[in-house]
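Here the structure comes first, spelled out in structure tokens, and everything after it is commentary.
The values are calculated or read from the model by the stated rules, or taken from the named source; none is laboratory data. What you are looking at is a predicted structure, and each value in this text was computed from that prediction instead of being measured. Quick reminder, even Gly has a Cβ in these numbers, built from the backbone with ideal geometry, and neighbours come from all protein chains shown.
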Amino acid sequence: MKAIHYIGCLLAALSCYSCSGYLDIRPYGRTIPKTAEEFSALIHNHLNNIDIGNDALLIGNISSTAMWDTGCGDDFENCLTSAAGSTLPIYLGEAAYSVSRGYDYRDLYAIIRDCNLAIHEMKEDGTEEANLTRGTAYALRGTAYYQLMRLYCEAPETGKFDSQQGVPLVTSFDMEAKPLRSTLQETIGQIESDLKEAIG
């Protein structure tokens, strides 16, 4: 009887031990990069989207530029003569308030997440590739925060930056973080800091 009791205690102890690795929080289906080259590939994926014209958020592509700059402008007849005029929405409220606009928020924070990984999780330091990757990550993160501020914050009013709401600032990789909205002044400060860090 004692043997069964000991075996039961041993199995219970082993089952508790095996759960510790299972309960660790890891991104499903993804691995966190370790070398500067792997972090560079993560960041350069976003740069590649800009190069091939698939990026409508950070810099913009021709269709997003035509929609916002030309379609929402007051010289509407000018855009009708260009090839991009045929792709403009008939009702601009559909473009501004469509369901797909919510994806901009998610996609910009996905870029910020990748930049935070490269900035804080890359252990390699001092090499040219590591410095370029970190600088690029700071530039992309600053640009992403600028676009979030431009799209989701009120128009800035002089002297009221500390009372106007900004966007949630996420400056480190934490899957369980639930940051609150910052002030507009804090958002502007983060953008300036990231862009200065990128060129410094």
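Criterion first (in contact with a Phe, Trp or Tyr (Cβ under 6 Å, 6 or more places away or on another chain) and assigned to a helix (DSSP H, G or I)) does residue 147 satisfy it?
When the stated conditions are applied, residue 147 does not pass them.
Do you know which residues across region 105-129 are at pLDDT below 90 and small (Gly, Ala, Ser)?
126
Of the conditions (1) out of contact with any helix residue (DSSP H, G or I) (no Cβ under 6 Å at 6 or more places or on another chain); (2) at pLDDT 90 or above, residue 194 fails just one. Which one is it?
Exception for residue 194: condition (1).
Residues in region 84-104: is at least one modelled with pLDDT of 65 or more, surrounded by 14 or more Cβ atoms within 10 Å (Cβ to Cβ) and either part of a helix (DSSP H, G or I) or in contact with a His (Cβ under 6 Å, 6 or more places away or on another chain) (or both)?
Among the residues of region 84-104, at least one is modelled with pLDDT of 65 or more, surrounded by 14 or more Cβ atoms within 10 Å (Cβ to Cβ) and either part of a helix (DSSP H, G or I) or in contact with a His (Cβ under 6 Å, 6 or more places away or on another chain) (or both), which makes the answer yes.
Residue by residue, here is whether (1) part of a helix (DSSP H, G or I); (2) surrounded by 12 or more Cβ atoms within 10 Å (Cβ to Cβ); (3) of a type in the set (A, V, I, L, M); (4) at pLDDT 65 or above holds:
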site	(1), (2), (3), (4)
5	yes, no, no, yes
13	yes, no, yes, yes
20	yes, no, no, no
27	no, no, no, no
39	yes, yes, no, yes
56	no, yes, yes, yes
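What residue, among those in region 154-191 that are assigned to a helix (DSSP H, G or I) and touching a residue at least 24 places away in the same chain (Cβ under 8 Å), is farthest from the chain's Cα centre (by Cα)?
If we take residues in region 154-191 being assigned to a helix (DSSP H, G or I) and touching a residue at least 24 places away in the same chain (Cβ under 8 Å), then 185 is farthest from the chain's Cα centre (by Cα).
Please work out if residue 122 is crowded, with 17+ Cβ neighbours inside 10 Å and farther than 21 Å from residue 34 by Cβ.
no
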